[in-house]
Amino acid sequence: MSNATDKLEELGIQLDSQLPYDVDRMFPKLQGWGVKGAIKQKHKVLQKVEPLLKRMVLRDEKILYVAKGIQVKFSEQYFLGIWANLINQTVFVLTNLRLIMLHVDGSGNPHNMYWVIYYSQITTFKGSWTGQVKLKLEDGLKLVFSGFKGDDRKQMPTIFQECVEVYRQQGFNPQVTQSRENLCPNCLAVVPKGQYQCGECGQNFYTPSSLAGRSLIFPSWGDFMMGHTVLACVELLGYVASWFFLVAFAMAGFREGGIEGLVATCIFLFFIAIEHVIDSALTFFIAKKGLTPKGKPAQVAATEAPVLTGDASNPYNPPPV
Ligand SMILES: [Zn+2]
């Protein structure tokens, strides 16, 4: 038995025995101040994603490290600012075959958008001492991973870089339709780039433009549909507040009489229109990140399958050649 296994036992922590964890890598620090809390914290993160991981893990796949952080597109940092952190909470799962990313809510519960990146898709890897990782992918997508806490700040980039290097040498390069593949939130199969229906289970998804169209009609609508409730509420409040402000402004114009009323109304309409357009663009941008399910799937996927049935050399559901 390894030291990490002993330590987990001592703390009364039981990891899911069906999952192929590399416990020594997952829990490298076993002594010292704050270690107990850190291990318990990690266990909490794991517990919420274990049921999903059990359905994802392939034969011969090993889970090397799991950490919770934030995943943003490079451009998004500036575009969304602090909101990017709120809506991009992600659990990162480094395995010996790939990086699995699960979008989670503030409490760590998985939330519809899941992705896979094979190490062969990573062209540039840059880690920093703050735990931030910057990636450039084969298809040009630039991602920034950040927000790691405690030891994860050091461990996550280190183990990630090891994986990237090992896989560069081994040349494991599965075929993909885009560098960061979207997974169906229902059956966990890959949904190829540009497709909005799962070929495995029939689950339909909203296209980014249909969500953006909703936000164009009524700001915040699209974001509510994607489940970004906090962001959507803020948008809604801002929108309602601007109506109060602009209606008051237009009324004041009318009280002046003559041309002022007309000018005030035009300004009012102009600003409201701008708000609709900006919100619609924002929704489109966010929706592009992954898949938003629409209604129920055609057939309900079995909740337990497939457990460890995959083949490492032939990842499940490869895109048609
Ligand atoms: Zn599916």
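The values are calculated or read from the model by the stated rules, or taken from the named source; none is laboratory data. What you see is a predicted model; the values in this text were computed from it and never measured. Ideal geometry is used to build each Cβ from the backbone, glycine not excepted, and the neighbour counts take in all protein chains shown.
Listing for the model above:
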quantity: Verdict on MET56 being crowded, with 20+ Cβ neighbours inside 10 Å, at pLDDT 95 or above and closer than 19 Å to LEU188 by Cα; calculated: no
quantity: Tabulated pairs, the stretch 176-189, first away from the ligand (no atom under 15 Å from the Cβ), second outside any loop (DSSP other than H, G, I, E, B) and of a type in the set (Phe, Trp, Tyr), C-beta under 9 angstrom, 6+ apart or interchain; calculated: VAL176/TYR118; SER179/TYR118; ARG180/TRP115
quantity: Odd one out for CYS198, checked against (1) over 30 Å from GLY106 (Cβ atoms); (2) within 16 Å of the ligand (Cβ to nearest atom); calculated: (1)
quantity: Residue tally, condition polar (S, T, N, Q), touching a residue at least 40 places away in the same chain (Cβ under 8 Å) and either in contact with a Lys or Arg (Cβ under 6 Å, 6 or more places away or on another chain) or in a helix (DSSP H, G or I) (or both), over the stretch 190-241; calculated: 3
quantity: Residue tally, condition touching a residue at least 60 places away in the same chain (Cβ under 8 Å) and either part of a helix (DSSP H, G or I) or not small (Gly, Ala, Ser) (or both), over the stretch 137-163; calculated: 14
quantity: Any hit, the stretch 215-222, residues being outside the structural domain of ILE117 (by TED's automatic domain parsing), out of contact with any helix residue (DSSP H, G or I) (no Cβ under 6 Å at 6 or more places or on another chain) and either of a type outside the set (Asp, Glu) or farther than 19 Å from HIS103 by Cβ (or both); calculated: yes
